[in-house]
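Accompanying notes for the structure given below.
The values are calculated or read from the model by the stated rules, or taken from the named source; none is laboratory data. From a predicted model like this one, the values you see are computed outputs, not experimental measurements. Virtual Cβ from ideal backbone geometry, glycine too; neighbours counted across all protein chains shown. Just the protein is used for accessible areas: all its heavy atoms, side chains included, with ligands, DNA and RNA removed. Shrake-Rupley method; radii C 1.70, N 1.55, O 1.52, S 1.80 Å.
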2 protein chains.
Amino acid sequence: MAVAVNVYRGDAVESSHQGHIAVVDVKGRLLYAYGDPYRLTFARSAMKPFQAIPVVETGTADRFHFEPADLSLCCASHSGEERHRSRALSILNRAGLGEETLVCGTHVPRDSDSYKQLIREGRELTPIYSNCSGKHAGMVATASHMGEQVETYHLLDHPVQQRIMDAVADMTCYPQENIYTGVDGCGVPVHRIPLANMAWGYARLASPGCMDNPLRQQAVRRIAEAMVAFPEMVGGNERYCTDLMRAFKGRIIGKSGAEGVYCIGDRDLGWGIALKIEDGGARAAYAVMSEVLRQLGIGNGGPLDDLKPYANPVIRTMRGEMAGRIQAEFVLDKIESTQLSRSTH
Amino acid sequence: MAVAVNVYRGDAVESSHQGHIAVVDVKGRLLYAYGDPYRLTFARSAMKPFQAIPVVETGTADRFHFEPADLSLCCASHSGEERHRSRALSILNRAGLGEETLVCGTHVPRDSDSYKQLIREGRELTPIYSNCSGKHAGMVATASHMGEQVETYHLLDHPVQQRIMDAVADMTCYPQENIYTGVDGCGVPVHRIPLANMAWGYARLASPGCMDNPLRQQAVRRIAEAMVAFPEMVGGNERYCTDLMRAFKGRIIGKSGAEGVYCIGDRDLGWGIALKIEDGGARAAYAVMSEVLRQLGIGNGGPLDDLKPYANPVIRTMRGEMAGRIQAEFVLDKIESTQLSRSTH
């Protein structure tokens with residue numbers, strides 16, 4: 001049992017979370033690990049940067065005049081703030097599509113002010129409020145650009161999802177035939193991949209130069225640049241992804257996934273880091289990633305200081321008094337040169 | 001590692017939860033267990049029925065004409081529905097107190113219709129919306145009835161909390177000096193107790209006849225009767241506590257606690273059941289309790305059929321399509337006569 005995080009109330013442990021961590025370099029060498037670095041893990045929204053690759057490679061982004069902020073929004077699990085909703089609608093408009101084409105469904109957005117305003121105005125939640133509306137806008141825009149049926153873009157056998165499957169397999173160096181897919185909360189396929197391969201994929205996202213295919217190299221670089229240049233599009237106000245990328249000023253690409261997944265690409269070291277909280281507890285993921293960065297000496301004395309609230313979350317009463325804390329408590333194992341097998345496509 | 005629940009996406013496990021379970025009879029014999037039945041656990045809101053004992057024993061309930069539904073609300077983690085808010089206010093009014101005396105703070109209530117109405121009317125959340133407002137109303141009413149300072153009722157050394165400490169220790173047969181206390185989300189002391197003692201306390205709650213002190217016996221019986229007679233006050237619409245007690249028609253007393261705690265008292269068998277999800281994941285608690293009842297043959301072919309949605313939760317997409325399921329997967333260990341040590345006060 002690999003406890004990664006203890007949740008304290010007062011000075012006593014109330015709950016604990018197990019975690020799995022993989023740190024991989026661009027050549028696919030497992031450098032550090034904790035728990036099971038090969039754990040088969042639904043990557044969830046951590047794959048969004050890879051799911052955006054076909055938006056660029058198909059020419060969809062150029063055809064519909066995507067700005068970098070649009071591309072960043074395609075990689076987002078956003079908070080449903082006005083800037084997110086209006087940009088997602090703008091992408092749809094430029095593609096000649098309406099919000100009704102999105103099959104992501106909807107949910108109460110993280111941005112409570114946007115939700116209250118909607119209630120006050122007597123309006124109903126629409127798909128544009130979904131944290132995935134940017135990703136879906138990119139998908140339907142791609143289907144439209146390619147002259148493919150738009151209504152079925154979410155189905156696994158649709159070219160939109162097949163191109164994504166190819167990109168995910170290529171980026172993570174994991175055989176497509178080994179990728180088990182489920183359905184994500186937003187209705188599109190999710191990919192189950194070993195944690196170490198998710199980390200490898202982010203190492204490659206952080207160092208596009210490693211890729212042989214010049215078109216893919218160009219697309220991946222454009223997506224990475226967009227995310228770090230417009231981090232507010234990836235998350236929103238007081239969101240870890242946004243504050244992390246801001247604090248590291250372009251060095252780090254970070255993206256969360258549901259059920260306690262987080263992935264980072266370090267553009268200086270060319271390393272990828274992937275973690276999964278075994279029970280899916282999102283509250284533990286940011287504390288664990290912050291501790292991984294600290295132990296690896298990434299951002300100490302600088303960016304990590306700006307991220308303390310995520311590294312050491314405080315548990316407060318409803319009146320704001322401190323009642324406990326969330327504490328990452330693990331030590332990464334240094335691995336002696338383990339080469340992941342690279343799949344060939 | 002004692003996995004109690006697997007969370008599936010499609011046919012693959014996405015996340016898993018560990019759990020700890022204790023089944024104890026009224027004599028304090030540990031009958032069944034899983035994981036660590038002695039795990040020191042913050043009982044959180046599962047102690048509410050015991051926290052209500054002084055409301056009766058001090059004469060507060062009679063002085064302020066408590067109906068059974070009022071007493072049930074004192075044991076509640078309610079959804080903030082109109083019937084909950086108006087009854088909590090009524091208790092306060094009868095005690096000559098206002099809502100401003102409650103220190104529980106507030107939060108968005110589970111009843112989304114009540115929240116939307118509040119937003120539409122441009123009002124702010126108040127303490128009465130807190131799921132703990134009934135418990136706090138009982139506490140301040142008691143302080144007022146006893147002529148004690150009302151403002152400080154939430155502090156551990158206040159007579160209100162000291163009487164509760166005595167009741168919790170007596171009900172769970174755990175030495176008061178061994179009970180570590182933290183601060184709950186609503187600002188009052190929470191009690192850390194071995195899981196088996198929490199179960200023992202619920203066995204005693206289910207069979208008040210076992211108690212020597214006639215006043216306590218009377219108070220405990222009155223609280224138990226109130227909870228099963230007015231289960232809608234303990235939770236609300238589509239809440240496990242409410243639907244569980246309804247389905248069992250008076251046989252079962254059930255109460256949830258934050259961070260994956262659930263306790264049950266079986267009034268037929270005189271057994272208590274307590275469980276804790278190690279990571280605090282509430283989504284796993286109901287599935288685990290449902291499976292415990294099934295394995296113990298409590299309610300099979302009858303009440304448990306009405307509770308299937310809690311026993312086998314379905315994970316759906318935002319559009320309502322099935323994407324996965326939450327599955328309890330464990331086998332209780334039968335214990336050969338282990339007598340818990342009874343503390344003496």
Notebook entry, point to check: Hey, any hits in the stretch A:92-110 for a residue that's outside any helix (DSSP H, G or I), surrounded by fewer than 22 Cβ atoms within 10 Å (Cβ to Cβ) and without any contact (Cβ under 8 Å) to a residue 12 or more places away in the chain?
Noted result: yes
Those residues of the stretch B:138-162 which are more than 15 Å from residue B:92 (Cα to Cα) and in a helix (DSSP H, G or I) amount to B:159, B:160, B:161, B:162
Going through (1) closer than 23 Å to residue A:85 by Cα; (2) more than 11 Å from chain B (Cβ to nearest Cβ); (3) surrounded by 21 or more Cβ atoms within 10 Å (Cβ to Cβ) one by one, residue A:151 fails only at (3)
Going through (1) under 20 Å from residue A:54 (Cβ atoms); (2) open to solvent by less than 50 Å² (accessible area, probe 1.4 Å) one by one, residue A:177 fails only at (2)
When the stretch B:334-344 is checked residue by residue, the ones that are touching a strand residue (DSSP E or B) at 6+ places or on another chain (Cβ under 8 Å) and surrounded by 15 or more Cβ atoms within 10 Å (Cβ to Cβ) are B:335, B:340
Given (1) open to solvent by 60 Å² or more (accessible area, probe 1.4 Å); (2) outside any helix (DSSP H, G or I), residue A:113 misses just (2)
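Just to be sure, is residue A:322 within 14 Å of chain B (Cβ to nearest Cβ), touching a Lys or Arg at 6+ places or on another chain (Cβ under 7 Å), under 30 Å from residue B:189 (Cα atoms) and open to solvent by 10 Å² or more (accessible area, probe 1.4 Å)?
Values: within 14 Å of chain B (Cβ to nearest Cβ): yes; touching a Lys or Arg at 6+ places or on another chain (Cβ under 7 Å): yes; under 30 Å from residue B:189 (Cα atoms): yes; open to solvent by 10 Å² or more (accessible area, probe 1.4 Å): yes.
Taking the combined requirement at face value, the residue satisfies it.
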Going through the stretch B:310-319 in order, the residues found to be over 21 Å from residue A:183 (Cα atoms) and either facing chain A (nearest Cβ under 10 Å) or surrounded by fewer than 17 Cβ atoms within 10 Å (Cβ to Cβ) (or both) are none
Reported set for the stretch A:220-268 where residues are open to solvent by 10 Å² or more (accessible area, probe 1.4 Å) and among the polar types (S, T, N, Q) is A:237, A:256
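Does any residue of the stretch A:141-148 turn out to be more than 17 Å from residue A:54 (Cα to Cα), open to solvent by 40 Å² or more (accessible area, probe 1.4 Å) and not hydrophobic (A, V, I, L, M, F, W, C)? Walk me through how you get there before you give the answer.
In the first step, residues of the stretch A:141-148 are kept if they are more than 17 Å from residue A:54 (Cα to Cα); the result is none.
No, the conditions are met nowhere in the stretch A:141-148.
Being within 10 Å of chain B (Cβ to nearest Cβ) and touching a Ser or Thr at 6+ places or on another chain (Cβ under 6 Å) narrows it down to one residue among A:104, A:132; which is it? Give the steps one after another, and end with the answer.
Working: A:132 fails: touching a Ser or Thr at 6+ places or on another chain (Cβ under 6 Å).
The match here is A:104.
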If we keep only residues of the stretch A:273-298 that are away from chain B (no Cβ under 14 Å) and in a loop (DSSP other than H, G, I, E, B), then the residue least open to solvent (accessible area, probe 1.4 Å) is A:298
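Would it be correct to say that residue A:188 is of a type outside the set (Phe, Trp, Tyr) and surrounded by fewer than 24 Cβ atoms within 10 Å (Cβ to Cβ)? If you could, list the steps in order and put the result at the bottom.
Details: of a type outside the set (Phe, Trp, Tyr): yes; surrounded by fewer than 24 Cβ atoms within 10 Å (Cβ to Cβ): no.
So residue A:188 does not fit the description; no.
Can you find a residue in the stretch B:308-316 that is closer than 21 Å to residue A:14 by Cβ and either at pLDDT 95 or above or in contact with a Leu (Cβ under 9 Å, 6 or more places away or on another chain) (or both)? Outline the logic, then answer.
Taking the stretch B:308-316 first, the residues closer than 21 Å to residue A:14 by Cβ are none.
No: the stretch B:308-316 contains no residue that is closer than 21 Å to residue A:14 by Cβ and either at pLDDT 95 or above or in contact with a Leu (Cβ under 9 Å, 6 or more places away or on another chain) (or both).
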With criteria (1) out of contact with any Leu (no Cβ under 8 Å at 6 or more places or on another chain); (2) more than 14 Å from chain A (Cβ to nearest Cβ); (3) not in a helix (DSSP H, G or I), residue B:85 comes up short on (3)
All conditions in (1) at the interface with chain A (Cβ under 8 Å from one of its Cβ atoms); (2) modelled with pLDDT of 95 or more are true of residue B:1 except (2)
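Is at least one residue of the stretch A:312-329 within 20 Å of the chain's Cα centre (by Cα), of a type in the set (D, E, K, R) and more than 29 Å from residue B:328 (Cβ to Cβ)?
Step one: of the stretch A:312-329, the residues within 20 Å of the chain's Cα centre (by Cα) are none.
Looking through the stretch A:312-329, none of the residues is within 20 Å of the chain's Cα centre (by Cα), of a type in the set (D, E, K, R) and more than 29 Å from residue B:328 (Cβ to Cβ).
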